[in-house]
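Taking it in order: structure first as structure tokens, then the write-up.
The values are calculated or read from the model by the stated rules, or taken from the named source; none is laboratory data. The shown structure was predicted, so the numbers you read here are calculated from the model rather than taken from an experiment. Here the Cβ positions follow ideal geometry from the backbone for every residue, glycine too, while neighbour counts run over all protein chains shown. When the accessible area is computed, the model is the full protein with side chains, heavy atoms only, and any ligands, DNA or RNA have been set aside. Shrake-Rupley method; radii C 1.70, N 1.55, O 1.52, S 1.80 Å.
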Amino acid sequence: MRTAIMTDTNSGLNHTEAASLGVFVIPMPVIIDEQTFFEGETIAERDFYEALCSGRKVTTSMPAPGDLLERWDSVLEQGYDEIVYIPMSSGLSNSCQAATVLAKEYGKKVYVVDNHRISVPLKESVYTARKLAQQNVSGEEIKEYLEQDGLNASIYIAVDTLEYLKKGGRVTPAGAALASALNIKPVLTIQGEKLDSYAKARGMKKALKRMIEALDDEIHHRFADASPQELPIGIAGTMLSEEKIENLIKTVQSAFPDHSVHYEPLSISIGCHIGPQAFGLSVTRI
């Protein structure tokens with residue numbers, strides 16, 4: 001069996017990296033003033049954030065059914081017997097449910113995985129799926145493994161401005177105004193399903209401190225039986241300068257010296273909802 005692994009750009013995988021891994025990636029659509037662009041194909045990160053910050057109407061969408069079917073057909077025509085498709089969590093988008101319905105037309109040729117992840121933890125799932133496929137594990141077994149393993153990850157996100165959460169209806173205008181006046185930065189969390197509030201901090205430095213404390217608690221309690229090598233820590237951000245990225249890596253690595261620490265840019269479809277200068281930390285059991 002030749003099993004293809006496919007994900008979307010919410011995993012943080014770009015087309016170049018995906019090609020080097022031998023996996024396939026579907027670009028997430030973003031809509032600017034009613035014109036649709038595709039992440040990594042027809043719009044660059046900087047152009048997207050220029051549009052977002054200039055006040056233009058920016059929204060996201062799930063892949064169109066026709067585009068998804070066309071990409072699946074293209075992969076199968078390349079000689080693959082089956083596809084394991086790992087989209088972003090069903091708790092954050094309807095794209096997973098829509099893909100599951102479409103996959104029924106393919107019988108046992110397309111397996112849609114809902115392992116409740118996004119960003120760095122989702123990319124780790126892609127790496128795992130690729131490794132299992134190389135070991136001739138079937139698509140059905142890969143799907144089963146990833147869905148059982150999906151909750152072995154946590155994400156914490158610090159948002160620099162509430163403007164974009166306000167636009168999405170997650171924060172009231174009055175609440176956003178008060179938080180801005182008091183320099184309150186919300187810390188959000190994804191524990192397998194929805195994006196939830198975790199804590200509030202005065203400034204991004206204190207928000208980072210709260211996130212490090214949260215990861216430390218998870219490592220020493222929830223994942224106490226795992227070694228540091230089994231718990232890589234990811235950092236992801238939106239439009240951060242090289243200096244900020246270096247400082248984040250240095251701070252987080254200092255807090256977790258025995259763990260691998262790496263940085264990934266957040267996808268622009270995530271950035272649409274949390275805005276620029278946001279960053280997150282994740283821990284994933286591998």
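What pairs from Lys131/Lys244; Lys57/Lys185; Lys143/Lys185; Lys57/Lys109; Lys143/Lys200 go past 31 Å between their alpha carbons? Beyond 31 Å between Cα atoms: Lys131/Lys244; Lys143/Lys185; Lys57/Lys109; Lys143/Lys200. Per-residue accessible area for Arg71 at 1.4 Å probe radius, Å² rounded to 10? About 80 Å², ignoring ligands and nucleic acids. To the nearest 10, the accessible area of Leu21 is 40 Å² with a 1.4 Å probe. Placing His15, His273 in order of accessible area, with the largest value first and a 1.4 Å probe, yields His273, His15. Taking a Cβ cut-off of under 11 Å around Arg2, the surrounding Lys, Arg, Asp and Glu residues balance to a net charge of -2, with basic ones at +1 and acidic ones at -1. Between Lys108 and Thr16, full extension at 0.36 nm per residue minus the direct alpha carbon distance yields a gain of 30.3 nm. Computed extension gain for Glu144 through Cys53, at 0.36 nm per residue and net of the alpha carbon distance, reaches 28.7 nm. The alpha carbon centroids of region 88-117 and region 189-254 are separated by 28 Å. With a cut-off of 14 Å on the backbone N, no residue of region 113-135 is near the modelled label site 7 Å out from Val101 along Cα-Cβ. For the pair Glu41 and Arg222, label points projected 7 Å from Cα toward Cβ lie 3.4 nm apart.
Of all aspartates and glutamates in the structure, those lying under 14 Å Cα to Cα from Lys205, and not within fewer than 8 positions of it along the same chain, are Asp160, Glu213. Charge tally around Ala224: other residues with Cβ under 12 Å, Lys/Arg +1 each, Asp/Glu -1 each, net -3.
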